[in-house]
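A.B. asks: Structure provided below as structure tokens; questions to follow.
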């Protein structure tokens with residue numbers, strides 16, 4: 001198993017992609033800290049891992065609170081030892097028009113998505129530097145690479161890519177690798193409110209993806225496990241789009257521009 005006895009923190013680990021990542025890392029032998037701001041979620045996922053024979057610890061953590069983050073890292077160290085892998089997955093995206101966006105909404109999205117990654121990374125880097133090794137994996141988004149709405153969330157996800165590169169260069173000499181994944185649309189609970197209003201939203205969105213479908217959490221989990229493993233030992237400062245080809249080009253646009261001639265062979 002690739003992560004036998006490794007110590008992994010996953011923020012936002014109580015649902016969606018975070019929940020799947022927690023299960024996948026645990027299945028590969030890791031001791032997983034399931035960090036979530038909602039206690040029931042963190043405890044439920046940690047309980048599922050424990051029931052399956054894995055090692056897990058729930059942590060009720062607000063990643064925007066430095067004291068919460070320090071407590072989480074201290075509890076991890078006491079239970080399993082120093083953190084060896086950090087997955088910054090917690091994020092917040094508020095669906096509101098930019099002109100009507102309040103300062104509180106902007107701060108909320110940016111604080112959870114970007115400040116949370118800063119606080120968590122800062123809290124674990126000391127032990128990683130002392131050990132001479134460690135992995136930080138930031139879950140960004142295609143929203144960091146092009147315009148897909150949610151301005152505050154998108155700006156925070158773009159900032160996360162800059163933080164990825166900065167930490168990769170600054171702490172690479174200490175043996176710490178830092179990478180990011182930029183997923184496209186994923187079928188997770190975060191979309192449930194939108195789907196309740198528009199049940200066909202996934203089918204509509206899938207038209208924009210060259211591979212013809214939206215993503216599943218499993219599509220991202222494989223990339224995360226790879227980048228966190230020794231198989232990626234010489235990869236750092238990288239951003240891996242996991243987006244079904246979305247950011248490679250505009251399929252809908254090209255289908256409109258490039259028309260087959262009427263005299264094409266039949």
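All of the numbers you see were taken from the coordinates with simple rules; none came from a lab. Note that the coordinates shown come from a computational prediction; the quantities given were computed from them, not determined experimentally. Glycine also receives a Cβ, built like all others from the backbone with ideal geometry; neighbour counts cover every protein chain displayed.
A.B. asks: Note down the relative contact order for region 67-136 as a percent, whole number, built from C-alpha pairs under 8 angstrom at least six residues apart.
C.D. replies: In percent, rounded to a whole number, it is 47.
A.B. asks: Tell me what the chain gives for mean residue ellipticity at 222 nm when only DSSP H runs of n ≥ 4 count, each as -39,500 (n - 2.57), the sum divided by the residue total, rounded to 500 deg cm²/dmol.
C.D. replies: On the way: 10 runs with 115 residues, N = 266.
Counting only the DSSP helices, I get -13500 deg cm²/dmol.
A.B. asks: Mind giving me the FRET efficiency for residue 250 and residue 190? R0 is 25 Å, r the Cβ-Cβ distance, nearest 0.05 is fine.
C.D. replies: Details: r = 25 Å, r/R0 = 0.99.
Efficiency, rounded to the nearest 0.05: 0.50.
A.B. asks: Okay, moving on. For the chain, what is the relative contact order in percent, using Cα pairs closer than 8 Å and at least 6 residues apart in sequence? Mind showing how you got there, number by number?
C.D. replies: Numbers: 506 pairs, mean separation 43.6, N = 266.
This gives 16 percent for the chain.
A.B. asks: Taking a ≥ b ≥ c as the square roots of the eigenvalues of the Cα gyration tensor of region 196-259, is the shape rounded (a/c under 1.5), prolate (a/b larger than b/c) or oblate? Kindly include the intermediate steps, with their values, before the conclusion.
C.D. replies: Numbers: a/c = 3.85, a/b = 1.66, b/c = 2.32.
Note, shape of region 196-259 comes out oblate.
A.B. asks: Which of rounded, prolate, oblate describes region 84-232, given a ≥ b ≥ c as roots of the alpha-carbon gyration tensor eigenvalues and a/c under 1.5 marking rounded, otherwise prolate only if a/b is larger than b/c? Walk me through the intermediate numbers first.
C.D. replies: Values: a/c = 2.54, a/b = 1.52, b/c = 1.67.
Verdict is oblate for region 84-232.
A.B. asks: Considering only 161, 125, 251, give the residue with the highest GNM mean-square fluctuation for the chain, with springs between Cα atoms whenever their separation is below 10 Å.
C.D. replies: The residue with the greatest mean-square fluctuation here is 251.
A.B. asks: Apply the a/c threshold of 1.5 to the C-alpha gyration tensor of region 1-127 and tell me whether it is rounded, prolate or oblate. Don't skip to the answer; put the middle values down first.
C.D. replies: Values: a/c = 2.35, a/b = 1.70, b/c = 1.39.
Prolate is the answer for region 1-127, as a/c is 1.5 or above and a/b outweighs b/c.
A.B. asks: A further question follows. Can you give me the distance in nm between label points at residue 52 and residue 162, each placed 7 Å from the Cα along the Cα-to-Cβ direction?
C.D. replies: Roughly 3.8 nm, to one decimal.
A.B. asks: How far is helix 116-131 tilted off the main Cα axis of the chain, in degrees rounded to 10, range 0 to 90?
C.D. replies: In the chain, helix 116-131 runs at an angle near 50 degrees to the longest axis.
A.B. asks: Compute the long axis of helix 151-171 from its Cα atoms, compare it with the longest principal axis of the Cα atoms of the chain, and write down the angle in degrees, 0 to 90, nearest 10.
C.D. replies: Once rounded, one gets 50 degrees.
A.B. asks: Here's another thing I want to ask about it. How much length is gained if the chain between residue 131 and residue 146 is pulled fully straight, taking 0.36 nm per residue apart and subtracting their Cα-Cα distance, in nm to one decimal?
C.D. replies: Details: separation 15, 0.36 × 15 = 5.40 nm, distance 3.71 nm.
Length gained, residue 131 through residue 146: 1.7 nm.
A.B. asks: Which FRET efficiency, nearest 0.05, do residue 67 and residue 38 yield, Cβ-Cβ r, R0 25 Å? Write out the running numbers ahead of the final one.
C.D. replies: Values: r = 18 Å, r/R0 = 0.73.
Taking R0 as 25 Å, the efficiency between residue 67 and residue 38 is 0.85.
A.B. asks: So what's the angle, to the nearest 10 degrees on a 0 to 90 scale, between helix 217-228 and the longest Cα principal axis of the chain?
C.D. replies: Roughly 50 degrees, rounded to the nearest 10.
A.B. asks: Using square roots of five times the C-alpha gyration tensor eigenvalues, list the equivalent-ellipsoid semi-axes of the chain in whole Å, biggest first. Walk me through the numbers on the way to the answer.
C.D. replies: Working: eigenvalues 217, 86, 72 Å².
Largest first, the chain gives 33, 21, 19 Å.
A.B. asks: I'd like the FRET efficiency for residue 170 and residue 4, computed as 1/(1 + (r/R0)^6) with the beta carbon distance as r and R0 of 25 Å, rounded to 0.05. Don't skip to the end; give the middle numbers.
C.D. replies: On the way: r = 29 Å, r/R0 = 1.17.
About 0.30, to the nearest 0.05.
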